[in-house]
Amino acid sequence: MKNITLDTSKAVQFLPAGTVESYESRVKAAQEALENGTCEGSDFLGWLHLPTEISDEFLAEVQAVADTLRSKCEVVVVAGIGGSYLGARAVIEALGNSFAWLVNDDRKNPNILFAGNNIGEDYLAELTDYLKNKKFGVINISKSGTTTETALTFRLLKKQCEAQRGKDEAKDVIVAVTDARKGAARTCADKEGYKSFIIPDNVGGRFSVLTPVGLLPIAVAGFDIKALVKGAQDMEKATGTDVPFAENPATQYAAVRQGLYTQAGKKIEIVANFQPKLHFIAEWWKQLYGESEGKDKKGIFPAACDFTTDLHSMGQWIQDGERSIFETVISVETPERKLDFPADEENLDGLNFLAGKRVDEVNKMAELGTRLAHVDGGVPNIRISMPQLNEYYLGQLIYFFERACGVSGLLEEVNPFNQPGVEAYKKNMFALLNKPGYEAESKAIQERLAQEA
């Protein structure tokens, strides 16, 4: 099997000669710190060798629970936020039929919906309306069980599932993915008798897609989790400490992007794709890199665009705006389907010159033309090429980005594995809602608001 490949040639041309090579010793130190657990955040390095530690027996257990949900549910709602849903959604959206839930009324696979990632009243009301008279199940993903967005959603879904299916039947279609010993979600799962899977203590949410957090929903959707894990295993080997710096795609990506950040003043990285199925891969990537590197008033800002769609909006800014950006393009070499462009006798749109060409050929020329234009406009461009869009190569892509993220964060000299800034909004929200235990904060924030009024 081929691996995904990395082309940095149209990025390094924006750097002084020897810049990337100058990172070799620091990259080696970062790799060794990850391997030896001597870096900041070493308590959260369980993802590093997770692919090769996953056993066939464990995958069979996950698949068995997935098969139960598949046999008993028309719809499965994944309740989770951030890393507790983005990885699963990224893979499911990438592999699924874009219109399946609209046209496939007798589907073999349950419809997978995602909730618990916002507090939108309309969204939740519309979700509960949709689920009326549906045989639905829930995968509740939360280490603590008290994250507001997810806990609120799960409370609604649990009550509705029990009301529609009865408590005994609901018990068989609600699964908890949570802490091994503590927390509200663990207490609830044990009390109600739900099947449960453990989120490892040493794996942070944004690195958790290859745990049951991601594997269970992906399996329920009908996709091959063995192939996904195999791709990650092969990429783990291809990015290890024994792979030379110049041949290691993860360390090259980390070094180039840090070089662009520190040496060329590129503060924003736009991940772009020419395959709409990759939209949520970019959303997962944004969390992975934003939450890992945005520390101590440092960090590349992660953004994303879907091309060619966003070329008709963001394209102007990318081409001619402030030169503070670089691009990473994820390209799929061979699509799964084939569609030829038709001829038309009247040719009113003037497109007969494309007749007989595959639509993908047109898309590839749009990709190449865009990359050349953006490079000419002063935008460094990195290209990641996937041979196909399938479970195996998505597994490779996921691990590639995770490994590179760990190295890049250490090059930036931050702790890539914590997220202290995430708690700030929660503190204010709880104070405003008068949550017990936040009395002092509630008083302080009310005084502040009164002064600002």
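Couple of notes before you dig in:
- Residues (surrounded by 17 or more Cβ atoms within 10 Å (Cβ to Cβ), of a type in the set (Lys, Arg) and over 29 Å from residue 365 (Cα atoms)) located in region 258-304: 295
- Unmet requirement for residue 29, which otherwise passes all of (1) open to solvent by 60 Å² or more (accessible area, probe 1.4 Å); (2) under 30 Å from residue 413 (Cα atoms): (1)
- The residues in region 372-392 that are more than 18 Å from the chain's Cα centre (by Cα) and in a helix (DSSP H, G or I) can be counted, and the count is 5.
- Odd one out for residue 440, checked against (1) within 29 Å of residue 256 (Cα to Cα); (2) outside the structural domain of residue 11 (by the TED database): (1)
Condition check ((1) modelled with pLDDT of 95 or more; (2) closer than 25 Å to residue 290 by Cα) across all residues:
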position: 157; (1), (2): yes, no
position: 161; (1), (2): yes, no
position: 183; (1), (2): no, no
position: 192; (1), (2): no, no
position: 208; (1), (2): yes, yes
position: 220; (1), (2): yes, no
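- Checked against (1) part of a helix (DSSP H, G or I); (2) open to solvent by 70 Å² or more (accessible area, probe 1.4 Å); (3) in contact with a Leu (Cβ under 7 Å, 6 or more places away or on another chain), residue 336 meets all criteria but (1).
- Within this structure, residue 288 fails the test of being at pLDDT below 95 and either of a type in the set (A, V, I, L, M, F, W, C) or touching a Leu at 6+ places or on another chain (Cβ under 9 Å) (or both).
- Check on residue 205, under 26 Å from residue 152 (Cα atoms), among the small types (Gly, Ala, Ser), assigned by the TED database to the domain that holds residue 87 and without any contact (Cβ under 8 Å) to a residue 24 or more places away in the chain: no
- Meets criteria (open to solvent by 30 Å² or more (accessible area, probe 1.4 Å), among the basic types (Lys, Arg), assigned by the TED database to the domain that holds residue 257 and over 23 Å from the mean Cα position of the chain (by Cα)) for residue 448: no
- Residue list for region 177-208, restricted to those being within 20 Å of residue 110 (Cα to Cα) and open to solvent by less than 10 Å² (accessible area, probe 1.4 Å): 177
- Among helices (runs of 4 or more DSSP H) entirely within region 6-108, having at least 2 residues that are more than 20 Å from the chain's Cα centre (by Cα) and in the same structural domain as residue 240 (by the TED database) singles out 9-12, 24-36.
- Test: residue 343 is open to solvent by 50 Å² or more (accessible area, probe 1.4 Å), over 25 Å from residue 259 (Cα atoms) and small (Gly, Ala, Ser): yes
- Given (1) closer than 19 Å to residue 80 by Cβ; (2) touching a residue at least 60 places away in the same chain (Cβ under 8 Å), number of the condition residue 224 does not satisfy: (1)
- Just one residue in the set 358, 403, 371, 323 is in contact with a Leu (Cβ under 9 Å, 6 or more places away or on another chain) and modelled with pLDDT of 95 or more; that residue is 403.
- Residue check, residue 255 buried (at least 23 other Cβ atoms within 10 Å of the Cβ), closer than 26 Å to residue 12 by Cβ and at pLDDT 95 or above: yes
- Qualifying residue in region 401-416 (condition: open to solvent by 70 Å² or more (accessible area, probe 1.4 Å) and under 30 Å from residue 24 (Cβ atoms)): yes
- If you go through region 128-164 and pick out every residue that is charged (D, E, K, R) and farther than 18 Å from residue 191 by Cβ, you end up with 5.
- Among helices (runs of 4 or more DSSP H) entirely within region 109-176, having at least 3 residues that are open to solvent by less than 30 Å² (accessible area, probe 1.4 Å) singles out 121-131, 148-165.
- Selection of region 395-437 for residues being over 30 Å from residue 226 (Cα atoms), polar (S, T, N, Q) and assigned to a helix (DSSP H, G or I) yields only 428.
- Flag if residue 440 is open to solvent by 50 Å² or more (accessible area, probe 1.4 Å) and either in a strand (DSSP E or B) or farther than 21 Å from residue 283 by Cβ (or both): yes
- If the condition is being surrounded by fewer than 24 Cβ atoms within 10 Å (Cβ to Cβ) and of a type in the set (A, V, I, L, M), then region 230-245 contributes 238, 243.
- Some residue of region 356-375 being surrounded by fewer than 15 Cβ atoms within 10 Å (Cβ to Cβ) and of a type in the set (Asp, Glu): yes
The values are calculated or read from the model by the stated rules, or taken from the named source; none is laboratory data. Everything numeric in this text was worked out from a predicted model, so none of it was measured. FYI the Cβ positions are ideal-geometry reconstructions off the backbone, even for glycines, and counts take in every protein chain you see. Just so you know, the surface numbers come from the protein's heavy atoms only, side chains and all, with ligands and any DNA or RNA stripped out. Shrake-Rupley method; radii C 1.70, N 1.55, O 1.52, S 1.80 Å.
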